[in-house]
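See structure below.
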């Protein structure tokens, strides 16, 4: 998908230039074709990158026969997937969700243990709901935390 800063209507050609970083050799140029049903979306067909290889890729957008934009990034390919060079968020959403869930669960548990009651609910049922929800929340937060480590 093209970035919002580069309008899809102005780009008439797009290509990716691959250069292998762990071996010597020339560049491989892969032309992309526009998908008519999805404006701004381009696809490439064919091409297999060997496992355990490092690459530099340059995406070149052209308009009216002249280069309009260029973006370069490096990445590595492992046995089955990209192992280095992925675009990642600064904060893992699963860890952020786990932290919010853990804090909310601990507040609910502390409120129930301190004898707090929920409004408009029978006091015993309200404390049981707070304790049950708090315990389930802590367990889910732990599962989310350990499930997202190493992703």
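Somewhere in the stretch 40-55, is a residue loosely packed, with under 11 Cβ neighbours inside 10 Å, modelled with pLDDT under 85 and at positive phi?
Within the stretch 40-55, one or more residues are loosely packed, with under 11 Cβ neighbours inside 10 Å, modelled with pLDDT under 85 and at positive phi.
Examine the stretch 86-99 for a residue that is surrounded by fewer than 12 Cβ atoms within 10 Å (Cβ to Cβ) and over 17 Å from the mean Cα position of the chain (by Cα), and state whether such a residue exists.
Taking every residue of the stretch 86-99 in turn, none turns out to be surrounded by fewer than 12 Cβ atoms within 10 Å (Cβ to Cβ) and over 17 Å from the mean Cα position of the chain (by Cα).
Could we say that residue 125 is at pLDDT 90 or above, surrounded by fewer than 17 Cβ atoms within 10 Å (Cβ to Cβ), in a helix (DSSP H, G or I) and more than 27 Å from the chain's Cα centre (by Cα) here?
Criteria met by residue 125.
Give just the number: which of (1) surrounded by 17 or more Cβ atoms within 10 Å (Cβ to Cβ); (2) in contact with a helix residue (DSSP H, G or I) (Cβ under 7 Å, 6 or more places away or on another chain); (3) modelled with pLDDT under 95 does residue 105 not satisfy?
Evaluating residue 105 over (1) surrounded by 17 or more Cβ atoms within 10 Å (Cβ to Cβ); (2) in contact with a helix residue (DSSP H, G or I) (Cβ under 7 Å, 6 or more places away or on another chain); (3) modelled with pLDDT under 95 leaves (3) as the failure.
The values are calculated or read from the model by the stated rules, or taken from the named source; none is laboratory data. Note that this is a predicted model, so its numbers are computed, not measured. Please note: Cβ atoms are built from the backbone with ideal geometry, for glycine as well, and neighbour counts cover all protein chains shown.
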